[in-house]
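The values are calculated or read from the model by the stated rules, or taken from the named source; none is laboratory data. This one's a predicted model, so the numbers in the text were calculated from it and none came from an experiment. Cβ coordinates were reconstructed from backbone atoms using ideal geometry, including for glycine residues, and neighbour counts include every protein chain displayed.
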């Protein structure tokens with residue numbers, strides 16, 4: 001059984017619309033993340049959360065807003081979608097942020113977003 | 001400039017051959033992780049290895065901090081090893097900076 005669930009697996013949206021990507025983890029981890037992988041770039045860090053608090057944000061655009069309703073949830077809301085937002089978005093989690101093996105990240109299977 | 005560089009970009013092996021994948025980094029290291037990305041896209045953690053050598057089955061990871069490099073050795077490759085291998089440099093707050101990966105193809 002997958003321990004990090006991302007929904008949906010595939011998503012097609014039109015330019016200008018808004019979508020929410022869902023992520024739930026059942027590993028009992030305290031930290032959660034969003035990463036993005038587009039065709040031409042390596043996996044890129046977007047956000048990190050620890051105990052539902054934003055720790056780091058490397059996303060320049062405010063169109064990307066993480067939402068954490070529970071400790072094991074970290075959804076990603078994307079507004080005013082653009083074709084350049086097309087990518088696979090990966091959710092990940094780790095036990096902690098403490099610079100030890102507790103940082104080992106576990107990834108979900110991703111949501112592949114296509115913006116037309 | 002790019003902080004994490006992986007080589008080779010791609011590699012084709014015959015089943016049974018060994019592979020050595022390299023990861024060089026240009027900044028100081030908090031942690032180093034290796035991941036395997038399946039052809040379908042999902043990622044699997046292989047090693048958390050900030051320094052020294054670690055083994056897991058046919059895989060060995062060696063990180064030499066002074067030389068700012070980490071390597072992943074795959075022995076006796078199998079067709080199921082095909083995929084992309086990613087190294088990632090860990091910074092503050094467990095933020096990872098990924099390399100572009102080595103795409104491995106193992107043929108029977």
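Residues in region A:6-18 that are assigned to a strand (DSSP E or B) and either at pLDDT below 95 or out of contact with any strand residue (DSSP E or B) (no Cβ under 8 Å at 6 or more places or on another chain) (or both): there are none. Scanning region B:98-108 for residues that are crowded, with 19+ Cβ neighbours inside 10 Å and assigned to a strand (DSSP E or B), we see that the one that is farthest from the other protein chains (Cβ to nearest Cβ) is B:106. Comparison of B:42, B:92, B:26 shows that the only residue that is within 27 Å of residue A:96 (Cβ to Cβ), away from every other protein chain (no Cβ under 14 Å), over 14 Å from the mean Cα position of the chain (by Cα) and modelled with pLDDT under 95 is B:26. Against the criterion of being in contact with a helix residue (DSSP H, G or I) (Cβ under 9 Å, 6 or more places away or on another chain) and farther than 19 Å from residue B:43 by Cβ, residue A:31 does not qualify.
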